[in-house]
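Participant: Can you keep this structure in mind? I'll have questions shortly.
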Amino acid sequence: MERTFFMIKPDGVKRGLIGEVIHRIERRGFTIEKLDMLEATPEQLKKHYSALVKKSFFPELVAYMTSGPVVIGIIKGNRVVDSWRTMMGVTNPKDALPGTIRGDFGQAPGDTGGIFNIVHGSDSRESAKNEIELWFGKEESQKDQTESQE
Ligand code: DAT
Ligand code: MG
């Protein structure tokens, strides 16, 4: 059984969408294995978004992601990595389909940038493992390794 890392970003928490997101995960039949609430630090975000640190929007992204508490969690299920990405919708809410979380709730108010897309999900099994280690520790990520071979 596969596991993935997800996050409800500060806009999702502020807008009262924790229940909505959790409900969609449960309704879809995935198991929530871990759940926590915290304030992400710029150091954690540099690691979490290591592929994006050189992008022009990175300072804006860190400001967004540190603008309030986030909910982090691990969900488990058959092919959950890809399924959760599908449930989230594409990165920019302007393009995200209705019925997806980002398509139903995301906001992209400016023409020049500013993406507030409610949720995060790992984009591959490898990212899931790395992100689980970053946010929940090595022991939790190693559990993931043995279980992903099932
Ligand atoms: P995703 O969250 O769909 O995996 P990503 O990993 O490419 O997308 O980017 C991470 C986050 O960075 C994304 O959720 C919102 C922000 N972001 C990406 N591209 C952006 C852009 N062009 N302008 C502003 N923010 C952006
Ligand atoms: Mg990503």
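Quick note: the coordinates plus some simple rules give every number you see, no bench work behind them. Note that this is a predicted model, so its numbers are computed, not measured. In this analysis, Cβ positions are derived from the backbone assuming ideal geometry, glycine residues included, and neighbour counts consider all displayed protein chains.
Participant: Tell me, what does the Kirkwood hydrodynamic radius of segment 14-150 come to in angstroms if you use every pair of distinct C-alpha atoms?
Facilitator: Value: 15.8 Å, from the Cα pair sum.
Participant: Which of the peptides 82-94, 101-113, 33-45 is most tightly packed, and how do the rest follow, judged by the mean count of other Cβ atoms within 10 Å per residue?
Facilitator: On the way: 82-94: 17.8, 101-113: 15.4, 33-45: 13.7.
Highest mean packing first, the order is 82-94, 101-113, 33-45.
Participant: Then there's this: Pairs of lysine in the chain with Cα under 17 Å and at least 8 positions apart or on different chains: total?
Facilitator: Value for the chain: 17.
Participant: I've got another one for you. Just to verify a number: FRET efficiency for Ala51 and Asp82, C-beta to C-beta distance, R0 = 22 Å, to 0.05?
Facilitator: After rounding to 0.05, the efficiency reads 0.70.
Participant: Sequence gap at least 6, Cα distance under 8 Å: using those rules, report the relative contact order of segment 1-93 to the nearest whole percent.
Facilitator: 53
Participant: Which FRET efficiency value, to the nearest 0.05, do you get for Arg27 and Lys138 by plugging their Cβ-Cβ distance into 1/(1 + (r/R0)^6) with R0 = 35 Å?
Facilitator: Computed FRET efficiency for Arg27 and Lys138: 0.65.
Participant: If we count other beta carbons within 10 Å of each Cβ, what is the order of Leu134, Leu52, fewest first? If you can, show how the numbers build up before the last one.
Facilitator: Numbers: Leu134 17, Leu52 13.
Placing the least packed residue first, the sequence is Leu52, Leu134.
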